[in-house]
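Just below is one structure, and these are the notes that go with it.
The values are calculated or read from the model by the stated rules, or taken from the named source; none is laboratory data. Just so it is clear, the model here is predicted, and its values are computed rather than measured. Don't worry about glycine lacking a Cβ; one is built from the backbone with ideal geometry, like all the others, and counts go over all protein chains shown. To get the accessible areas, we keep the full protein, side chains included, count just its heavy atoms, and leave off ligands, DNA and RNA. Shrake-Rupley method; radii C 1.70, N 1.55, O 1.52, S 1.80 Å.
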Number of protein chains: 2
Amino acid sequence: MRAATIRDGEVLVEQHPDPEPGAGQVLVRVRAAGVNGADMMQRRGRYPAPPGSPQDIPGLELAGEVEALGDGAMRFSEGDRVMGIVGGGGQGELAVVHERQLMPVPDAVPFPEAGGLPEVFTTAHDAVLRRAALRPGERLLVHGAAGGVGTAAVQLGRALGAHVTATVRNPDAREAVARLGADEVIDPDGFEEHGPFDVILELVGAPNLGANVKALNMEGRIVVIGIAAGAKGELNLAALMSKRGHVMASMLRARPLELKAATARAMEREVLPLFARGDLRVPVAQTFSLDDVAAAYDNFAAGGKLGKIILEP
Amino acid sequence: MRAATIRDGEVLVEQHPDPEPGAGQVLVRVRAAGVNGADMMQRRGRYPAPPGSPQDIPGLELAGEVEALGDGAMRFSEGDRVMGIVGGGGQGELAVVHERQLMPVPDAVPFPEAGGLPEVFTTAHDAVLRRAALRPGERLLVHGAAGGVGTAAVQLGRALGAHVTATVRNPDAREAVARLGADEVIDPDGFEEHGPFDVILELVGAPNLGANVKALNMEGRIVVIGIAAGAKGELNLAALMSKRGHVMASMLRARPLELKAATARAMEREVLPLFARGDLRVPVAQTFSLDDVAAAYDNFAAGGKLGKIILEP
C-alpha cells in the first residue's frame, strides 16, 4: 500500500507492506484522514509515535470502510463505515486498528468530515464534558476557538446548553465561529473582563494561566490541553483556593487501549447521536489527495484557516 | 455569656450578650472548642469572619450540648451532644449554629476531642476523599503530616486502605505520625524520590508545587489547602499534561450553608462511623480553660506539638 511517510524532516508518499489485522483488530481501507498539529511535530522529529504504532507513517485519525477482520473481531462487518483515533499510521491507504478504538460513522456524516472528526471531537469532549464536567447553564470559555479542537468545543458547549464565549485572534474568523454556536466571540486580549467562567478550555498555554485563574468562577475548572505558547507559568494558589478552582491537564495520545476505548464509547453515547441528527458538524477547510500530502502539511502549518485539512488516500 | 474576644491584635475574655437561636438554629452550650491557624490570622486582623458570623469572637469549631432550639429546628433535642464547624464565634460559652451544620458526637468521643474534630477531619475528608477521590490501594502523600489536618489525613488514608506517606520536618514527631497509621514517614527534603503518588495533600504551599508535579502518578491529583510557605509558584503544564494531572485548591470557610451542610452529611456517612468503632482519634496536645485563651493561642502559635489545642469554656 501507499502511505504518507516521514523521512528526515519531510513528508512524502512511499510504498509499504499491507498491514495485516491481528487478534481483535480491523483492517480499514482509509477514505479520509485528518491532518493535526501532532503531525507537524512528528515531521520535525519532535513527537515520536507511541510503541506499537507505525513509527514512520503519520496520522492520528482516520475514517474508511472495513476491509477485513482479525481473529475475534466482532464489533463490525466488512464494508461498515468506521472512524477512530490511532497512535499513528492513519495517513495510508490501509490501517489496522483495534476494534475497541473504532466508532461507527453516522449516516449523516460523509467521509471527508468523518476523517477529521475523531481527534478534535474526542479531545474536546474528553476535556470539556468528561474531565471538566461542563453542565447546562454553565459558562464555557474556549481559547483559540477557530482551531480544530476549538470549533468542536464551541459546538459541544452549545449543544449541551452552556453559554459559550470564544476567543479568536483573527477578526476574519470570528463570524464563522459565531455561526458554530458561540454566544460571544471576543479578542483574546482582556478576555478576563468577560468572566467569570465555570470551565476554561486552554489550548494556547501558560501565558494565559494567571488571567484564567482571575476569570474563573467559584468551583471553576481550567482544562489545559495545548501549550504551544509556553509550558511554564506562575500559578497563584491563593487565588485558586479562594475559588476552590481546579487546573486539569490532559493529552490523549499516550493513553493505553482501555482508556482510548472508553473515550470512544463515551463519544458513541454522547456525541455521535448529535451528528446523526445534524446538530454538530466538522468544518473542512480543504481536502488533498495522498500524493499532495506535503502540500496538505504546508497548508496546515501556514494556519489561518477555519476547519480541518483532510487527506483522501 | 463570656467569650474569647479579639481586640487590637490581642485575644482576651469579655462579656457578650447571650446569643439567641433563630429559625433552624440551635443554641449550643460549648464544652470544647479547638484552636486553629485561622484564629491566629484573625488575631492579627488578617482573616475577617464571613458575614453573618460574630466578627469579634473567634473559633471555627465547637462541641457541646444542645441548650435550646430555634423555630423549626428538629434534627436534635435538648441535651444532645453535637459538634460542628462555624464561621466564627466557637470560642464562647454559648454559640448559635444552623442545625444543618451540626453533627452528632459519637458516644466513643469525649468532649475535648470532639471540640477539635470538626475542622481538621472535615478539611482532610473534603480534600482527600471528596475532592481528590482517593481510592483504596492508591498512594497518598500528606505534606506537614504532624499538623492537625495532616494527622487527620493520615488516619483517613489508612482507614480507606490507601498507602500513606507522611512528610514530617521534626524528627521527634515522626514516631507519633507513624503510630497514627502512616506506612512511611519521611523528611520533606527529597520527598519526590518516594513517589509516584496518586494524591498529594499540600498543606505547605507553592514551594512544593514543582516537586509535587514531578512526584505525581498518572491521573494524579494535587489538593492544595494550605499556603503558609507561599502562594505563588511555577507550574509546568507540560509535565502536568504528560501525567493527565490535576491541581485542585480549596478552602472551607467561605462556603455557603448548603455546601457546609453537605460536607457535614458526608462526614456523618463516611467518617463518624469510624470514630464510633474506634478506628480514628483526635490527638489532643493540651487543653486550656477559657480564661487562659491567650496562653492557648501563644501555645498554638509556638507550634511543634502534635495534636490539637482545645479550649474548655
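Are there helices (runs of 4 or more DSSP H) fully within segment A:200-313 with at least 3 residues that are within 14 Å of chain B (Cβ to nearest Cβ) and buried (at least 20 other Cβ atoms within 10 Å of the Cβ)? List them. Walk me through how you get there before you give the answer.
Working: elements: A:209-214, A:237-242, A:257-270, A:272-276, A:293-302.
Of the helices (runs of 4 or more DSSP H) lying wholly inside segment A:200-313, those with at least 3 residues that are within 14 Å of chain B (Cβ to nearest Cβ) and buried (at least 20 other Cβ atoms within 10 Å of the Cβ) span A:209-214.
Give segment A:185-197 a look and list any residue that's assigned to a strand (DSSP E or B) and either more than 30 Å from A:GLY278 (Cβ to Cβ) or more than 22 Å from the chain's Cα centre (by Cα) (or both), or say none. First the steps, then the outcome.
Here is the first cut: in segment A:185-197, the residues assigned to a strand (DSSP E or B) are A:185-186, A:197.
A:ILE186, A:PHE197, listed by residue number.
Inspect all residues belonging to segment B:237-246 and state whether any of them is under 17 Å from the mean Cα position of the chain (by Cα) and either within 21 Å of B:GLY150 (Cα to Cα) or polar (S, T, N, Q) (or both). Steps first, answer last, please.
Of segment B:237-246, the ones under 17 Å from the mean Cα position of the chain (by Cα) are none.
Looking through segment B:237-246, none of the residues is under 17 Å from the mean Cα position of the chain (by Cα) and either within 21 Å of B:GLY150 (Cα to Cα) or polar (S, T, N, Q) (or both).
Taking segment B:47-78 on its own, how many of its residues are open to solvent by 50 Å² or more (accessible area, probe 1.4 Å) and of a type in the set (Gly, Ala, Ser)?
3
Can you pull out the residues in segment B:5-31 that are assigned to a strand (DSSP E or B), open to solvent by less than 40 Å² (accessible area, probe 1.4 Å) and of a type outside the set (A, V, I, L, M, F, W, C)?
B:THR5
When residues of segment A:96-133 are filtered for being under 14 Å from A:ILE200 (Cβ atoms) and open to solvent by less than 10 Å² (accessible area, probe 1.4 Å), how many remain? Show your work before the answer.
Just the residues of segment A:96-133 that are under 14 Å from A:ILE200 (Cβ atoms), to begin with: A:124, A:127-128, A:131-133.
Right, trim to open to solvent by less than 10 Å² (accessible area, probe 1.4 Å) and you get A:124, A:127-128, A:132.
The qualifying residues number 4.
Within segment A:168-179, does at least one residue satisfy the condition of being more than 9 Å from chain B (Cβ to nearest Cβ) and in contact with a His (Cβ under 6 Å, 6 or more places away or on another chain)?
Our first condition is that a residue be more than 9 Å from chain B (Cβ to nearest Cβ); within segment A:168-179, this holds for A:168-179.
When the remaining residues are screened for being in contact with a His (Cβ under 6 Å, 6 or more places away or on another chain), the result is none.
Checking segment A:168-179: not a single residue is more than 9 Å from chain B (Cβ to nearest Cβ) and in contact with a His (Cβ under 6 Å, 6 or more places away or on another chain).
Would you please list the contacts, defined by Cβ atoms under 7 Å and residues six or more apart or on different chains, that run from a residue in segment B:297-313 that is of a type in the set (Phe, Trp, Tyr) to a residue that is assigned to a loop (DSSP other than H, G, I, E, B)?
Between residues of segment B:297-313 that are of a type in the set (Phe, Trp, Tyr) and residues that are assigned to a loop (DSSP other than H, G, I, E, B), the close pairs are B:TYR297/B:VAL35; B:PHE300/B:VAL35.
Go through segment A:156-180 residue by residue and tally those that are on the phi > 0 side of the Ramachandran plot and either buried (at least 18 other Cβ atoms within 10 Å of the Cβ) or more than 22 Å from the chain's Cα centre (by Cα) (or both).
Let us first name the residues in segment A:156-180 that are on the phi > 0 side of the Ramachandran plot, namely A:161.
Filter once more, so that each one left must be either buried (at least 18 other Cβ atoms within 10 Å of the Cβ) or more than 22 Å from the chain's Cα centre (by Cα) (or both): none.
Going through segment A:156-180 one residue at a time, the tally reaches 0.
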